[in-house]
Structures are given as C-alpha cells and as structure tokens.
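Have a look at the structure below, then the notes.
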Amino acid sequence: MSQTILMVVTSHGEIAPGQATGVWFDEFAEPYDRFRRAGFEIKVASPRGGPVPLDPKSLEASHPGAAAVAAQEALDDTIALDGGMHHDAYAAIFFPGGHGTMFDLPENPHVQRLVAEFLEHDKVVGAVCHGPACLVGAMLADGSSAVKGRKVAAFTNSEEKAVQLDRAMPFLLQDKLQELGGTVDAAEDWADHVVVDGKLVTGQNPQSSRSVADAIVRLLRESA
C-alpha cells in the first residue's frame, strides 16, 4: 500500500473585498504533523498550486514551533491539482478546512474526481471543519452524490452563525450536505467531534483536527 497521503487545501483567499480567508492553519498543521509522525510521506496540493492563503485569524490562534514551521513551508509550495493525480498513488486524501474551501472545492473537477475515486475504491477520505465541502460536488459512477447515505461531521450552522459568517457563505455546509442525502452528526459547538463512516472520516471544527488525523492513521494501519 502507498505510504503517501495527499492533502488538498484551498487556493481561495477572500470572502469579500477586504475580508481575507484561506486555510485555517491548525486544521492543516496538526494533521500534517500527526501524519508525519506516523511515518507517512505527504504531498500537498491546491487548485492553483504554489503558496496558499492562510486565514489571518487562524494564525493568531496557532501555536509556534518546529511543527508549525514545517507546515508553513509545505503550504508555501503546493503542487497544482491536475488530471494526472489518481487514487492508486496515495494511501488517503485529506481536506483541511478554512472558509476558502467553500468557494473553490465544491466545483473543482479534480476534487470531484478524486473524492469519487477514493470512495469507490474503498480508500480513506478525510476532511475537517469546512473541508467536507469537498463532498458537495462529488458524484459517484451511478450518478448519486458522494455524501448520499453517509454519516458525516462538518462545521455546523450554529458554529457558522457564532462566527457571524453564515450570510457571507455561498451556502451553509451542514444544510448542503443534508440536502445531498448525507446525515450530519452534530455535537455541541466547538466540541472535538469525529465521525467515521467506513473509510470516510470527518471532523466538525478546528478542535477536531488532531482527532480526525489520529482516526485516519488508525484506519490506515488497520488496512495495512
């Protein structure tokens, strides 16, 4: 089995003029560190490639250190998603969140294809917070939504309202996943909450970042 995890992050850096967004740093940095400690190689990709935008608020909340420096370096030099990427080269695919994901992941054809490929080949798909936006546009070979019939965690309507961005988003993630036939298992706001449905592993919010990474590592070790 491949020992490489593909981490896919947003390239979208603005909610509205003057309102910056991007990747929520700890949602990338903590899983990145967990995966590396577990012995996996990591490839980091984004829709545009190159350096990716970071939500400035997430940098205020992050913890400096060697792990954060390594994660920052990885985000400074991402590879561009393209048609040459396939599930057989990777052990798992993981989508960190940040509000930027709501704008560029759902309609990205490479994200849509990769999510469907991984699920249809019974390989691990992970996402945290707004990362499950990767599921919104993904369709399986039978024409059904990738999230239909699945139990997932994701940033909730309540949490979106709490950060006062519910009206700034193109859609509410909890509502959209439910509209597509998924069941969103919501815990209390800001609770560390992870849902494992087969090989689909999702976390509710930034507080769930380490737990979702650990759940992915356990699944990969069991599969090996």
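The values are calculated or read from the model by the stated rules, or taken from the named source; none is laboratory data. Keep in mind it's a predicted model, so treat the numbers as computed, not measured. Quick reminder, even Gly has a Cβ in these numbers, built from the backbone with ideal geometry, and neighbours come from all protein chains shown. Protein only, heavy atoms only, side chains kept; ligands, DNA and RNA dropped before computing areas. Shrake-Rupley method; radii C 1.70, N 1.55, O 1.52, S 1.80 Å.
Selection of the stretch 32-53 for residues being closer than 18 Å to Ala133 by Cα and touching a residue at least 40 places away in the same chain (Cβ under 8 Å) yields Ala45, Pro47, Val52, Pro53.
The set of residues in the stretch 131-146 being touching a residue at least 40 places away in the same chain (Cβ under 8 Å) and not in a loop (DSSP other than H, G, I, E, B) consists of Gly131, Pro132, Ala133, Cys134, Leu135.
The conditions of being in contact with a helix residue (DSSP H, G or I) (Cβ under 7 Å, 6 or more places away or on another chain), among the small types (Gly, Ala, Ser) and assigned to a loop (DSSP other than H, G, I, E, B) are not met by Ala127.
In this entry, Asp104 passes the filter for residues that are in contact with a helix residue (DSSP H, G or I) (Cβ under 9 Å, 6 or more places away or on another chain) and either modelled with pLDDT under 95 or within 28 Å of Gln19 (Cβ to Cβ) (or both). Within the stretch 58-98, the set of residues being surrounded by 13 or more Cβ atoms within 10 Å (Cβ to Cβ) and either at pLDDT below 95 or over 18 Å from the mean Cα position of the chain (by Cα) (or both) comprises Leu59, Ser62, Ala67, Ala68, Ala70.
Please enumerate the residues belonging to the stretch 4-42 that are of a type in the set (S, T, N, Q) and open to solvent by less than 40 Å² (accessible area, probe 1.4 Å). Walk me through how you get there before you give the answer.
Here is the first cut: in the stretch 4-42, the ones of a type in the set (S, T, N, Q) are 4, 10-11, 19, 21.
Once the filter is applied, which keeps residues that are of a type in the set (S, T, N, Q) and open to solvent by less than 40 Å² (accessible area, probe 1.4 Å), the stretch 4-42 yields Thr4, Thr10, Ser11, Thr21.
Among the residues of this structure, Leu165 counts as one that is open to solvent by less than 60 Å² (accessible area, probe 1.4 Å) and in a loop (DSSP other than H, G, I, E, B). A residue that is in contact with a helix residue (DSSP H, G or I) (Cβ under 6 Å, 6 or more places away or on another chain), over 18 Å from Pro96 (Cα atoms) and open to solvent by 40 Å² or more (accessible area, probe 1.4 Å) cannot be found anywhere in the stretch 190-211. Does Gly149 qualify as being more than 22 Å from Gly22 (Cα to Cα), in contact (Cβ under 8 Å) with a residue 24 or more places away in the chain and surrounded by fewer than 19 Cβ atoms within 10 Å (Cβ to Cβ)? So Gly149 passes the test. Scanning the stretch 109-120 turns up no residue that is part of a loop (DSSP other than H, G, I, E, B) and either among the aromatic types (Phe, Trp, Tyr) or open to solvent by 10 Å² or more (accessible area, probe 1.4 Å) (or both).
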